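For reference, the structure is listed below as structure tokens.
The values are calculated or read from the model by the stated rules, or taken from the named source; none is laboratory data. Computed from a prediction, not measured in an experiment: that's the story for all the values here. Quick reminder, even Gly has a Cβ in these numbers, built from the backbone with ideal geometry, and neighbours come from all protein chains shown. Just so you know, the surface numbers come from the protein's heavy atoms only, side chains and all, with ligands and any DNA or RNA stripped out. Shrake-Rupley method; radii C 1.70, N 1.55, O 1.52, S 1.80 Å.
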Amino acid sequence: MNTITVIGSINLDRTIRVKQMPKPGETMHTKEIFSAGGGKGANQAVAAKRSEAVTNFIGAIGNDESGEMMRELLSEEGIDLSGVQTLEKQATGQAYIIVDDQGENSIMIHSGANNAFTPQQVKEHAEVIKASDFVVAQFESTLESTIEAFSIAREAGVKTILNPAPALEDVPEELLRVTDMIIPNETETEILTGIQVSDESSLKAAAEHLHQLGIEAVIITIGSKGAFYDVQGRSGIVPAFKVNAVDTTAAGDTFIGAMSSVLEKDFSNLEEAIKYGNKASSVTVQRFGAQPSIPYKNELK
């Protein structure tokens with residue numbers, strides 16, 4: 001059983017369902033409105049935990065009702081929240097999500113406490129990081145804190161997994177130097193490498209570019225086609241499962257959390273782990289909401 005430590009974002013998601021995306025200046029009626037647990041970091045932690053990994057979290061919430069709700073939801077999952085700080089002068093992160101009948105979404109994020117916790121807080125939980133198999137991070141919280149966590153992990157021989165989302169124009173080199181595995185989508189890959197991915201040879205070229213930055217394992221998610229991987233001289237595409245998607249929110253997060261729960265530290269079973277992650281995310285997209293849609297291991301058997 002893997003031990004996963006996630007460093008990153010905790011958001012309360014407020015989702016609005018509509019028939020189609022509104023045009024600028026347009027007013028329309030909604031079909032449904034609901035709140036649920038979210039944030040890329042928290043979603044990845046929930047996915048790992050529901051696939052039976054021992055899961056820890058390092059991050060922050062505000063001293064408000066949303067923070068209370070998120071602490072309660074993540075505690076109920078059985079995630080260790082000793083690394084989650086409550087910040088007095090910050091609001092808990094929130095995301096406002098519009099989902100249309102095609103399952104496409106549009107998301108606006110208020111970072112709040114996610115962007116206010118510090119490398120010092122990470123250092124206080126260094127022992128948790130050192131006792132992990134994998135440390136997972138995204139770009140919805142402070143980069144300095146992620147660099148600190150990955151540096152501690154690298155020194156202790158703990159593998160680091162970076163999901164470079166939402167996309168950043170300038171990713172610090174010091175972060176890439178301590179990243180063992182990177183998991184961008186097609187858009188994020190182009191921003192990171194300058195290579196537009198359109199076929200397997202361009203995927204391979206983009207992966208090579210990322211390897212040259214010192215990253216051992218590359219997975220590029222390619223939507224409904226599945227995921228391309230390139231590690232230790234092995235590469236290929238693991239196809240996605242064909243399903244009827246109603247809401248793609250948290251699909252990528254589910255993939256990463258579930259995959260990391262079964263991945264070997266030497267990446268020897270990467271293809272099987274990707275297939276498992278694909279299966280988990282194929283269930284997620286058939287349901288509404290972020291964390292409510294993430295499957296449990298017994299559903300995937």
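Annotations
- Protection proxy ranking of 283-290, 239-246 - average other beta-carbon atoms within 10 Å, highest first: 283-290, 239-246
- Computed magnitude of the charge dipole of the stretch 100-233 (debye, nearest 20; Cβ of K, R +1, Cβ of D, E -1): 420
- ³J(HN,Hα), Karplus 6.51/-1.76/1.60, whole Hz, each residue of the stretch 175-183, x for Gly, Pro: 6, 5, 5, 10, 9, 8, 9, 10, 10
- Mean separation of Cα contacts under 8 Å (6+ apart) over length of the stretch 132-181, as relative contact order %: 45
- Correct choice for Cα Rg over 2.2 N^0.38 Å that was computed from the model, options (1) 0.94; (2) 1.04; (3) 0.99: (1)
- The stretch 174-241 and the stretch 143-169: distance between their alpha carbon centers, rounded to Å: 17
- Charge context of Leu300, other residues only, Cβ under 10 angstrom, K/R +1, D/E -1: +3
- Neighbourhood charge, 15 Å Cβ-Cβ cut-off, centred on Lys159 and excluding it, Lys, Arg +1 and Asp, Glu -1: -2
- For Leu87, residues with placed amide H under 5 Å, excluding near neighbours: Ile61, Gly62, Asn63
- Distance between the pseudo-spin-label points of His209 and Glu169 (7 Å out from Cα toward the beta carbon): 1.7 nm.
- Simple Cβ-charge dipole of the chain, Lys/Arg +1 and Asp/Glu -1, about Cα centre, in debye nearest 20: 700
- Carbon and sulfur %, accessible surface of the chain computed with the full protein complex present, 1.4 Å: 48
- Highest mean packing comes first when the peptides 254-262, 183-191 are listed by Cβ atoms within 10 Å, giving 254-262, 183-191.
- Under 16 Å from the Cα of Lys89 - aspartates and glutamates, other chains or at least 8 residues apart: Asp64, Glu65, Glu68
- Of Val6, Val18, Ala42, farthest towards positive along the dipole that unit charges on Lys, Arg, Asp, Glu beta carbons give the stretch 1-42: Val18
- By average C-beta atoms within 10 angstrom, highest first, the peptides 271-282, 146-157: 271-282, 146-157
- Charge tally in the Cβ shell below 14 Å around Val231, where Lys, Arg are +1 and Asp, Glu are -1, Val231 excluded: -4
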